[in-house]
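Everything on this sheet refers to the single structure shown next.
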Amino acid sequence: GLVCPEPFAVTSNETCVIKYPDTVVDIVEPNQPPYSLIYPGPTLTTFPQHTVVGSTALLDVRSLLSARGSFGFRGMFG
């Protein structure tokens, strides 16, 4: 007669790419025309992951997904 709620886990992730600006260095030497060196800024790529873990007794997953979409966890975690 004991009914146990079912566990669930829903995960989503998306790539995040950040491009930092280039660095420009002006070089001035005596007896030569000035010039600039450009060092490209780094590009960082991360793969943040958002996971919701719980029990069907606490949360109805179907209503969560229909209301927020499969990637709707972004608003809850970041």
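The values are calculated or read from the model by the stated rules, or taken from the named source; none is laboratory data. The structure presented is a predicted model; accordingly, all values stated were derived computationally and were not measured. Neighbour counts run over all protein chains shown; Cβ positions are idealised from the backbone, glycine included. When the accessible area is computed, the model is the full protein with side chains, heavy atoms only, and any ligands, DNA or RNA have been set aside. Shrake-Rupley method; radii C 1.70, N 1.55, O 1.52, S 1.80 Å.
Summed over the residues of region 7-62 and divided among them, the accessible surface reaches 81 Å² per residue at a probe radius of 1.4 Å.
Whole-Hz Karplus values for region 42-51 come out as x, 10, 10, 10, 10, 10, x, 10, 10, 10 Hz, taken residue by residue from phi with 6.51 cos²θ - 1.76 cosθ + 1.60 and θ = phi - 60°; glycine and proline positions read x.
How much of the accessible area of region 7-62, probe 1.4 Å, is carbon plus sulfur, in whole percent?
Details: 2770 of 4530 Å².
C and S atoms contribute 61 percent here.
As a rough guide to protection, the peptides 21-30, 3-12 ranked by mean Cβ packing within 10 Å, highest first, stand as 3-12, 21-30. Karplus-based coupling profile of region 31-41, in residue order and whole Hz: 6, 9, x, x, 8, 10, 10, 10, 9, x, x, with θ = phi - 60° in 6.51 cos²θ - 1.76 cosθ + 1.60 and x standing for Gly or Pro.
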